[in-house]
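Novice: Starting off with a structure, shown below.
The values are calculated or read from the model by the stated rules, or taken from the named source; none is laboratory data. Note that the coordinates shown come from a computational prediction; the quantities given were computed from them, not determined experimentally. Note that each Cβ is placed from the backbone with ideal geometry, even for glycine, and that neighbours are counted across all protein chains shown. Note: areas computed on protein heavy atoms with side chains; ligands, DNA, RNA excluded. Shrake-Rupley method; radii C 1.70, N 1.55, O 1.52, S 1.80 Å.
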Amino acid sequence: MATYTLPELPYDYAALEPVINPQIVELHHDKHHAAYVKGANDTLEQLEEARDKGAWGAVNGLQKNLAFHLSGHILHSIYWHNMTGDGGGEPLAADGVGDLADAIAESFGSYAGFKSQLTKAAATTQGSGWGVLAYEPVSGRLIVEQVYDHQGNVGQGSVPILVFDAWEHAFYLQYKNQKVDFVEAMWRVVNWQDVARRYAAAKERVDVLLLAP
């Protein structure tokens, strides 16, 4: 059975300073993300055991655990590549990300409107969660989602292309309880090249979904 593995960081622990300090990056990746990978693999083993024994008393909890850990693994895997130490600014055609910039303007009216919506969505998540820019394949537009935990409150079939982690472990050692300050700072490390690649890939995959008539 296929298992999940913790991906290597695409940079060293200090690469995102001063927005995110090295201690946070190390703990976040090596401990928290690793725990989601282990949780997904452990749950798959427990489900395999349940199938072998025909023992389904814990199936609801196991399915919830799988969704939680697997979504945590996937979102974090995107998160690391969504950031770069020389990122930030606004996506521009001059930087080779014109298609993404046009899609943002078409879907949200302006870059400023999009930035404001994603900032508010991430900063106001109740408890733990994420702010996410996603490609929604039924309409072909970009949407912002406010994700609770790792998997709740999302549109089915939407593909995340830019994610802001708003769990406390992502910022508390540096920003204390000022989540909004962390989210505002995140814009300085956004890797628009990565986001644009994810947008292009998401658009190309629309035919694999069962679309509503």
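Novice: Give the angle, between 0 and 90 degrees and rounded to the nearest 10, that separates the Cα long axis of helix 59-81 from the longest principal axis of the Cα atoms of the chain.
Specialist: 30 degrees
Novice: Continuing with this model, one more query. Applying a 10 Å radius around every beta-carbon, put 133-142, 22-31 in order of their mean neighbour count, most first. Could you put the intermediate results ahead of the total?
Specialist: Working: 133-142: 18.3, 22-31: 16.0.
Sorting 133-142, 22-31 by mean packing, highest first, produces 133-142, 22-31.
Novice: How much length would be gained if the chain were fully extended between Gln23 and Lys115, taking 0.36 nm per residue of separation minus their Cα-Cα distance, in nm to one decimal?
Specialist: On the way: separation 92, 0.36 × 92 = 33.12 nm, distance 2.74 nm.
Gain on stretching Gln23 to Lys115: 30.4 nm.
Novice: Using 0.36 nm per residue of separation minus the Cα-Cα distance, give me the extension gain between Gln63 and Glu49 in nm, one decimal. Walk me through the intermediate numbers first.
Specialist: On the way: separation 14, 0.36 × 14 = 5.04 nm, distance 1.35 nm.
Difference between extended and current length: 3.7 nm.
Novice: Continuing with this model, one more query. Compare the Cα positions of Val19, Thr125, Tyr4 along the charge dipole of the chain (+1 at Cβ of Lys, Arg; -1 at Cβ of Asp, Glu; about the Cα centre) and return the one farthest towards the positive end.
Specialist: Of the listed residues, the answer is Thr125.
Novice: OK, next. Could you check how many percent of all C-alpha pairs in the chain are farther apart than 22 Å?
Specialist: Values: 11918 of 22578 pairs.
When all Cα pairs of the chain are counted, 53 percent exceed 22 Å.
Novice: With every protein chain left in place, what is the accessible area of Glu168 in Å² (1.4 Å probe, nearest 10)?
Specialist: Here the residue's solvent-accessible area equals roughly 110 Å².
Novice: Tell me, in nm to one decimal, what length is gained between Asn153 and Ala200 on full extension, where the rule is 0.36 nm per residue of separation less the Cα-Cα distance? Let's see the in-between values first.
Specialist: Numbers: separation 47, 0.36 × 47 = 16.92 nm, distance 2.41 nm.
Stretched fully, the Asn153-Ala200 segment lengthens by 14.5 nm.
Novice: Can I ask one more? When the helices in the chain are scored as -39500 (n - 2.57) per DSSP H run of 4 or longer and the sum is shared across all residues, what 222 nm value do you end up with, to the nearest 500 deg cm²/dmol?
Specialist: Working: 8 runs with 98 residues, N = 213.
It comes out at -14500 deg cm²/dmol, rounded to the nearest 500.
Novice: So how many Å³ per residue does the convex hull of the Cα atoms of segment 11-106 work out to? It would help to have the intermediate numbers written out before the result.
Specialist: Details: hull volume 13.8 nm³, N = 96.
Given the Cα convex hull of segment 11-106, per-residue volume reads 144 Å³.
Novice: Tell me, what does the Kirkwood hydrodynamic radius of segment 87-205 come to in angstroms if you use every pair of distinct C-alpha atoms? Mind showing how you got there, number by number?
Specialist: Values: mean 1/r = 0.0689 Å⁻¹.
By the Kirkwood definition, the hydrodynamic radius is 14.5 Å.
Novice: Something else: Compute the angle between helix 98-108 and the longest alpha-carbon principal axis of the chain, please, reported from 0 to 90 degrees and rounded to the nearest 10.
Specialist: It works out to around 80 degrees.
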